[in-house]
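Student: Got a structure for you, questions after.
The values are calculated or read from the model by the stated rules, or taken from the named source; none is laboratory data. Being a predicted model, the structure only gives us computed values, none of them experimental. No Cβ is skipped: glycine too gets one built from the backbone with ideal geometry, and neighbour counts run over all protein chains shown. The area values use the complete protein model at the heavy-atom level, side chains included, leaving out ligands, DNA and RNA. Shrake-Rupley method; radii C 1.70, N 1.55, O 1.52, S 1.80 Å.
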Amino acid sequence: MLVGLLLAVVGCVREPESPSPGTSTRTVTIGGTDRTYRLYRPAGLTGPAPLVVMLHGGFGSGAQAEAAYGWDAEADAGRFLVAYPDGIGRAWNTGGGCCGQSARTGVDDVAFLTRLVADAGGDVDPARVYATGISNGGIMAYRLACATWLFAAIGPDSATQLGDCPNPAPVSVIHIHGTADENIPYDGHPGRGVARIDGPPIPDVVARWREIDRCPPPATSTSGQVTTSTAQCPDGRTVELVTITGAGHQWPGATGTRPAGRVPGIDPPSPALDATHEIWRFFAAHPAAR
């Protein structure tokens with residue numbers, strides 16, 4: 001009789017519902033300020049799953065990044081989560097004086113993005129957390145690698161590294177950059193954009209991460225406009241520079257041409273490469289070293 005009663009009670013307990021697929025908007029509070037991000041979950045996804053944090057550029061937003069860069073479709077194919085956070089004043093405080101209101105007021109974006117990873121859910125695989133971004137967002141991806149140990153790999157595009165980086169995490173890096181980028185020039189002279197970003201030459205940035213990851217000299221190959229320099233490093237890490245001859249300040253292969261996907265100062269996307277697919281290919285091959 002008692003066994004039957006227990007079985008009846010257990011039978012009435014519902015299984016936890018799976019999180020809804022699609023995009024949800026979430027809020028976390030950092031230092032008394034509410035910060036928002038969008039989280040995309042493919043239909044039928046079960047954890048533990050990889051998480052890609054996609055950081056918009058200056059003047060962008062999480063919604064704009066979701067509309068413009070094709071990460072939802074890539075997540076459907078690759079079976080992973082994508083977070084699209086919002087910078088305060090449409091910018092990220094990356095250090096080195098960049099950028100906008102966030103830098104002027106000392107916003108702690110590292111704390112926000114660290115909290116985001118925790119808030120995204122217990123079904124995130126902690127060995128497969130990644131950060132990518134364009135322009136100011138790509139610079140923020142470097143800041144995350146300098147200030148946290150959460151990320152297995154980063155994928156900056158049309159970006160550079162600014163500010164101090166005394167204790168960088170050993171991470172895999174894929175950096176994509178056009179040789180005709182005038183906002184964050186490939187050769188390192190001051191940019192022409194609103195932020196007047198003045199960083200080191202891009203090959204020097206990538207060479208520094210080869211040092212951090214204790215990599216041998218890279219192997220280089222060229223196909224059409226695209227030159228790829230790849231160093232295979234200890235513990236399964238890789239540092240890769242993808243250079244697109246003649247490309248400007250843009251996300252290669254982007255299709256966000258409707259108003260939600262447009263950002264001032266961004267050049268037309270190069271058709272020479274699908275940056276979203278290439279960055280995910282790289283991320284998928286580089287979980288955190290165990």
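Student: Residues that are open to solvent by 30 Å² or more (accessible area, probe 1.4 Å): which strands (runs of 3 or more DSSP E) entirely in the stretch 14-81 hold 3 or more of them?
Tutor: 22-30, 33-41
Student: Quick one: which strands (runs of 3 or more DSSP E) lie wholly within the stretch 93-192 and hold at least 3 residues that are closer than 26 Å to P264 by Cβ and modelled with pLDDT under 95?
Tutor: none
Student: Just to be sure I understand the filter: pairs with C-beta atoms under 8 Å, separated by 6 or more residues or on different chains, first member in the stretch 230-252 and in contact (Cβ under 8 Å) with a residue 12 or more places away in the chain and farther than 18 Å from A153 by Cα, second member open to solvent by 40 Å² or more (accessible area, probe 1.4 Å) and among the charged types (D, E, K, R). Which pairs pass?
Tutor: Short answer, once both residue conditions are applied: A247/D267; G248/E182; G248/D267; H249/E182; H249/D267; Q250/D267; P252/D274.
Student: If you don't mind, another one. Could you tell me which of the residues D157, D198 is open to solvent by less than 20 Å² (accessible area, probe 1.4 Å) and of a type in the set (D, E)?
Tutor: Exactly one residue qualifies, and that residue is D157.
Student: If I filter the stretch 65-82 for residues that are touching a His at 6+ places or on another chain (Cβ under 6 Å) and on the phi < 0 side of the Ramachandran plot, do I get at least one hit?
Tutor: Scanning the stretch 65-82 turns up at least one residue that is touching a His at 6+ places or on another chain (Cβ under 6 Å) and on the phi < 0 side of the Ramachandran plot.
Student: Oh, and also: How many residues does the stretch 95-113 contain that are open to solvent by 50 Å² or more (accessible area, probe 1.4 Å) and within 15 Å of P85 (Cβ to Cβ)?
Tutor: 1
Student: Right, P185: farther than 19 Å from R281 by Cβ and open to solvent by 20 Å² or more (accessible area, probe 1.4 Å) or not?
Tutor: Considered against the rule, which asks whether it is farther than 19 Å from R281 by Cβ and open to solvent by 20 Å² or more (accessible area, probe 1.4 Å), P185 comes out as no.
Student: In this structure, does S102 turn out to be without any contact (Cβ under 8 Å) to a residue 60 or more places away in the chain and polar (S, T, N, Q)?
Tutor: Spelling it out, S102 is indeed without any contact (Cβ under 8 Å) to a residue 60 or more places away in the chain and polar (S, T, N, Q).
Student: Okay, next question. Residue by residue through the stretch 82-92, note down the ones that are part of a loop (DSSP other than H, G, I, E, B) and either surrounded by 24 or more Cβ atoms within 10 Å (Cβ to Cβ) or over 15 Å from the mean Cα position of the chain (by Cα) (or both).
Tutor: Hits for the stretch 82-92 are G87, A91, W92.
Student: Separate question: Of all residues being small (G, A, S) and over 13 Å from the mean Cα position of the chain (by Cα) in the stretch 269-290, which is farthest from G70 (Cα to Cα)? Just the residue, please.
Tutor: Across the stretch 269-290, the extreme among qualifying residues is A289.
Student: Let me ask something additional. Take the conditions of a type in the set (A, V, I, L, M, F, W, C), crowded, with 24+ Cβ neighbours inside 10 Å, within 18 Å of the chain's Cα centre (by Cα) and over 16 Å from Q250 (Cα atoms) and apply them to A147. Does it pass?
Tutor: For A147, the condition - of a type in the set (A, V, I, L, M, F, W, C), crowded, with 24+ Cβ neighbours inside 10 Å, within 18 Å of the chain's Cα centre (by Cα) and over 16 Å from Q250 (Cα atoms) - is not met.
Student: Can you tell me which of (1) open to solvent by 40 Å² or more (accessible area, probe 1.4 Å); (2) under 22 Å from G178 (Cα atoms) is the one T230 doesn't meet?
Tutor: (1) is the only condition that T230 fails.
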